[in-house]
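Below: one structure, written as structure tokens.
The values are calculated or read from the model by the stated rules, or taken from the named source; none is laboratory data. Nothing here was measured: the structure is a model prediction, and the numbers come from that model. Note: ideal-geometry Cβ built from the backbone for every residue, glycine included; neighbour counts use all protein chains shown. What goes into the accessible areas is simple: the full protein's heavy atoms, side chains included, and nothing from ligands, DNA or RNA. Shrake-Rupley method; radii C 1.70, N 1.55, O 1.52, S 1.80 Å.
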Number of protein chains: 4
Amino acid sequence: MRIGVLTGGGDCPGLNAVIRAVTKSLLRQCGAEVIGIRNGFAGLMGEVPQTRPLDWDSVSGILMQGGTMLGTSNKANPLRDEATAEQAMAHARSLGLDALVAIGGDGTMAIAHGIAQRGLPIVGVPKTIDNDIVGCERSFGFDTAVATVTEAIERLQTTGQSHGRVMIVETMGRYAGWIALEAGLAGAADVILLPEIDYSVEAVAAVCRERERRGRHSLVCIGEGAKPRGGAMTVERRVADSPDPVRLGGVAHALREQLQPLLESEVRATVLGHVQRGGTPTPFDRVLATQFGNEAAQLVMAGQFNRMVTLQGERLASLPLAEVAHQSRQVPLDHPLLRTARQIGVSLGEG
Amino acid sequence: MRIGVLTGGGDCPGLNAVIRAVTKSLLRQCGAEVIGIRNGFAGLMGEVPQTRPLDWDSVSGILMQGGTMLGTSNKANPLRDEATAEQAMAHARSLGLDALVAIGGDGTMAIAHGIAQRGLPIVGVPKTIDNDIVGCERSFGFDTAVATVTEAIERLQTTGQSHGRVMIVETMGRYAGWIALEAGLAGAADVILLPEIDYSVEAVAAVCRERERRGRHSLVCIGEGAKPRGGAMTVERRVADSPDPVRLGGVAHALREQLQPLLESEVRATVLGHVQRGGTPTPFDRVLATQFGNEAAQLVMAGQFNRMVTLQGERLASLPLAEVAHQSRQVPLDHPLLRTARQIGVSLGEG
Amino acid sequence: MRIGVLTGGGDCPGLNAVIRAVTKSLLRQCGAEVIGIRNGFAGLMGEVPQTRPLDWDSVSGILMQGGTMLGTSNKANPLRDEATAEQAMAHARSLGLDALVAIGGDGTMAIAHGIAQRGLPIVGVPKTIDNDIVGCERSFGFDTAVATVTEAIERLQTTGQSHGRVMIVETMGRYAGWIALEAGLAGAADVILLPEIDYSVEAVAAVCRERERRGRHSLVCIGEGAKPRGGAMTVERRVADSPDPVRLGGVAHALREQLQPLLESEVRATVLGHVQRGGTPTPFDRVLATQFGNEAAQLVMAGQFNRMVTLQGERLASLPLAEVAHQSRQVPLDHPLLRTARQIGVSLGEG
Amino acid sequence: MRIGVLTGGGDCPGLNAVIRAVTKSLLRQCGAEVIGIRNGFAGLMGEVPQTRPLDWDSVSGILMQGGTMLGTSNKANPLRDEATAEQAMAHARSLGLDALVAIGGDGTMAIAHGIAQRGLPIVGVPKTIDNDIVGCERSFGFDTAVATVTEAIERLQTTGQSHGRVMIVETMGRYAGWIALEAGLAGAADVILLPEIDYSVEAVAAVCRERERRGRHSLVCIGEGAKPRGGAMTVERRVADSPDPVRLGGVAHALREQLQPLLESEVRATVLGHVQRGGTPTPFDRVLATQFGNEAAQLVMAGQFNRMVTLQGERLASLPLAEVAHQSRQVPLDHPLLRTARQIGVSLGEG
């Protein structure tokens, strides 16, 4: 048996742990040959496929390492036209692949689904620091991202307190607010703003003002997809002498512009950016990613294809790829963590 | 309403987070007065009760701090005799307590149950770094302990590799092997030995020898309650000129004595000890402990007493104190993590 | 004896350690009364002075805490006019201060010098994460800032490698490149750009292209004061519908705009921002700050006023305030670290 | 030119950073061939030499890694007899080595000196977490060890405080107390005991009792070479049924036996052990080790042999191997850090 493995989409802590577990499990249990495909689906798209064999030694020592030893791509789509798709399938045949384990996010799962329909058996392993996979309670990489953000918030808290400032910190999470929510709670944020709940600038200002009165600084944790009621203020970036303004990533900067006139304290914004995607995975994520990888190997060996590994409660399970493609799991408005936040006095920017 | 809060038993990361959430939630939602009892049940046992009022400011800034601001005791038992019990109840009455939130382990829950039967309404919050609470999938403090142990394993891995040694690291977990299991997996241990599975010294040696042959060092992670088949070898500590040998805590040292004669590599043992109980909680544990504390406050406000907060799947729930006292949750022999470990080639010391 | 203590200027890890050492040393050795002035010199500028007494207990447990328990201000200048200066001196007299320990940066030292000339004996303790104090080989806060930046670089390295990208990370250091230099070396940056050496965009691009050819990603670490030869490109930030563009902090963004057209790889920029100023100090900085604080107390007790504590080699010493005001210590162009960087193949952007 | 590199003696964070800098600097500046010798001097002692070539790629990515990619040995001595010495020299000749860079501690430097006298040009790079190299103000690995110990102390502080206990933590440092001194100061220890100052048990107990009276826990940091006045109490370890007691490493356990009868609080001892030697180096140590490695390469290229790299003040320098062999640098009794400790109220166990 010959099994391919690839990683697609953005970087995420735990990818190497999945690759290691898939490989060790297949090597040990059924003596399969494991072929790493390089740079995601791009590795099946050029003149010649880009691969590297994965044996026991090549995956030793990678559990702790961030990133992916196979490389990744977040643009390559072998289904973009018929010729490219045919070439990818031809590469898979020439490599003698009996199946492919595809580790990636939404986009990768959608491509995997299409590849499966063309006849290459697929097992998907979901990957996102955003924790927004449908049907999956907790995805690897999320715990690490929360830890990175929480540490940053702690640093900002000491500066906020020393200066009596309002500190705004922007986290990743375009469609779902999981990172902002958990890191905000773990970092003792006073206000947490999520894509799921349009916020009132005035409500945020009211919290900060009440704290100013008590001699306290404030910390606002905002997910990058959060919007004020009535529509987002845009902040543009413009290179001098260039006619083209570019939208600035930071909702934190926009919020700062809105809040500053309403407050006495200085308001400062920090956009954490790419640091949230990288680095060594937390122990929690290493264990979770190892389980995901091993489960993928079990599905391969059981011949259960065209499914994606998931975590339901504390149990690993799987769902048909068809059911999960192109969906995103937001924080439900009745989620216990939202209730907890409100009950202990954390504002969600609600009017 | 006047609510008491106390922490009992051994130190555990997240205790302050629970105290903070209980207090903020009660203050904010029902304007209760919250009274901290100092040093666990010992605070109700002396001539005068030892207390400190808990208001908003006194619990600000403690979320990140390890330990418990209220102090704890792991010996004080107000139920040891009738007179002491009567005195404790009298103290509770004189303080005007309408209910008591007791945060602690097995012993604390058993006492809480007895106190409840004498008429003081109780809500229990389980606490253990060992993760062995019956009816509770994940307890706060465990994730932090796993992180501390994993970091230590990583340090030992580099030394083991540099010297070609067999490194043994002993973790806490007298009755249950959760810490050794998860930290062992997260730290890429080659052998994981748990209280739940008596190990074969020969099986452990065989793994190390096979790795020696491949020029590889080995790392063995052993929970303090693990035993070899045929009974444990005892290692004693003796102070010179004293007639009394004392049992040495370390099963790691005993295993070292057993393994060394069977191997060419040097074998070194490290007992991690109390560092596993202390320090700032991980973000995961801060969020979990905050939820536990808030849930305890909700139970108090709903008048649902003599119950202990639990986590089932991802949902908070509660169980009657009577059902949970004096039990311990071991790693079930069919637990997916055990299966994962075996499938990726980690030895559990099985023959 | 009554001694005042204040912290001025931007946040810096180790301020609490200085406050603690000053206080403990004075209390223990001469039984002085120690008075904390709140919010820097602002605490001497209002209607009534803002103070809090500092005894043994109030400085216990603060060694590990980031920020300053006294608060700080980076705008308040009691010398801005004669009336304000007179009021500050009157407050100092009414508080009965025999001397003042002023912990802060350039600005604080300049004010301290002026205050000293008006008759209040001063001991200065220099503070900067930038390590650019004249006459002081290593200032506390710098090691922590380097550690924070290095950790961020490590995270960005894994993402850069996984995607084959060029990652740019911008550090603090407006006038001096110490942070970028040490964190760049510690984080294995391929290019380090400093305010002290104007860089050639083409030289930077050449390094990245050569690495592209070898299938390698690149990491560029740039201090915020670094400039390209021929003058800096400005990147502006503009709030929609507002007529006023604001200069965007990030030289990283400007460099990205310059580099991207010259390279095949994607280029990404990260501005670390305020996280570099906050958080718990490293052990190195705790020890250093403790020494600075204790030395300040010794100077007070020896009556050696109007001097600033310094570190020369491994020895504490002091310099007259008059000599250090309004100067900045850049990385000398013949510094051994620059030579080391070049010799191991790190580019400094030189043509 | 062909240059050998080896690492000898115990593990130490930063070894890989030295190997990387030596290699990159030699490759880049003079196109030398660099040959890694495996497992210290053992790699020159068997039938065939054990080596691996070191090129640019093989040392990429190792800066952050603990341990040594070349392996080490702390027993192999090629000078143990004439035949072995001759064989080692013959291996060096057969490998065509023009010089050897030997990275290691006391023992390695002594062997290096002997090898040099037999005609192989040597440059030594000192390595010790203990910081006790004569003529070298700060050695790499020390900062990391201090950070590891400080983190452990912090964890123990929270537990000590929660329980009102006396916590004893034993650090490495057989001959010199640098680690205990700096980590003790950074971790806010109340008592620091060093090999350089015989301690009075009664003086230690007095500090703890005074703190008990004020409701405070105590933390004692003790270097493994510290001794009480009047001679050390020995604690033995005895395997049941074995006639041979073994000396237990822990002076912490001995101190515990001595202190407990004098105190009301529970006393607990923790021996940190091998974790102090391993793990990723701190940024400080990465920079320092990089400088040491680069300086070694410069000495090789300048033909300055039979010298050891040192750090004097902030400047790299070198000393003749003959001057440094078999000496150890203790904490001088007039060292400023000892004075600082006493002045801020930290006890050194003096009567």
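Before moving on, here are some points about what is shown:
- Interface area, chains D and B: about 3600 Å² of buried accessible surface, summed, with a 1.4 Å probe and ligands, DNA and RNA left out.
- The residue list D:Gln258, D:Gly230, D:Gly105 was ranked by how far each Cα lies along the charge dipole of chain D toward its positive end, using unit charges on Cβ atoms, and D:Gly105 comes out on top.
- Dipole-positive endmost among D:Ala322, D:Leu79, D:Gly278 within chain D (Cβ charges, Cα centre): D:Gly278
- Low-density loop cleavage sites - GluC sites (Glu not before Pro) in the stretch C:129-161, where at most 16 other Cβ are within 10 Å (DSSP): C:Glu137
- Cβ-derived FRET efficiency at R0 30 Å, D:Ala322 paired with D:Arg80, nearest 0.05: 0.90
- Considering only D:Thr158, D:Leu181, D:Ile133, and ranking their Cα positions along the charge dipole of the stretch D:113-183 that arises from unit charges at the beta-carbon of Lys, Arg, Asp and Glu, the one farthest toward the positive end is D:Ile133.
- Its Cα centre serving as origin, chain A has a Cβ charge dipole (Lys and Arg +1, Asp and Glu -1) of approximately 340 debye.
- Spin-label model distance (nm) - A:Gln312 vs C:Arg315, 7 Å beyond Cα toward Cβ: 7.3
- Across the accessible surface of chain A, with the other protein chains kept in place and a 1.4 Å probe, carbon and sulfur atoms take up 47 percent.
- In a simple Cβ point-charge model (Lys, Arg +1; Asp, Glu -1; nothing else charged), the stretch D:146-278 has a dipole of about 140 debye relative to its Cα centre.
- Couplings 3J(HN,Hα) of the stretch C:50-57, computed from phi: 9, 9, 8, x, 10, 10, 4, 5 Hz, in residue order, whole Hz [Karplus 6.51 cos²θ - 1.76 cosθ + 1.60, θ = phi - 60°; x for Gly and Pro].
- Projected-area mean, chain B, by convex hull of Cα positions, square nanometres: 19.8
- Copies compared at A:Arg52 - label distances in nm, ascending, label defined 7 Å from Cα in the Cβ direction: 1.5, 5.4, 5.5
- For the protein assembly as shown, the dipole from Cβ point charges (+1 on Lys and Arg, -1 on Asp and Glu) about the Cα centre works out to 0 debye, to the nearest 20.
- Global geometry of the stretch B:1-147, whether rounded, prolate or oblate, following the gyration tensor of its Cα atoms and the 1.5 cut on a/c: oblate
- Peptide C:146-155 is shielded by partner chain Cβ atoms: per residue, an average of 6 of them sit within 10 Å of its Cβ.
- Net charge over other residues, Cβ less than 12 angstrom from the Cβ of C:Asn306 (K, R count +1; D, E count -1): +1
- Theoretical gain in end-to-end length, A:Arg214 to A:Arg342 [0.36 nm per residue, Cα-Cα removed]: 44.1 nm
- Residues along the stretch A:277-314 losing 30 Å² or more of accessible surface when the other protein chains are present rather than the chain by itself (probe 1.4 Å): A:Gly279, A:Pro283, A:Phe284, A:Arg286, A:Val287, A:Thr290, A:Gln291, A:Asn294, A:Glu314
- Between A:Thr171 and A:Ile222, A:Gly223, A:Glu224, the built amide H atoms are under 5 Å apart, and every one of these is 5 or more places off in sequence or on another chain.
- Between A:Leu95 and A:Arg118, the contour length at 0.36 nm per residue exceeds the Cα-Cα span by 6.7 nm.
- Chain C, relative contact order [Cα under 8 Å, separation at least 6], %: 23
- Under the combined filter of DSSP loop state and at most 14 neighbouring Cβ atoms within 10 Å, the stretch C:246-351 retains these GluC sites (Glu not before Pro): C:Glu264, C:Glu350.
- Solvent exposure of the stretch C:61-202 as accessible area per residue, Å², 1.4 Å probe: 26
- Rounded FRET efficiency, nearest 0.05, which uses the C-beta distance separating C:Leu333 from C:Trp56 and R0 of 60 Å: 0.80
- Its Kirkwood hydrodynamic radius, worked out from the mean inverse distance over all distinct Cα pairs, puts the stretch B:145-276 at 14.8 Å.
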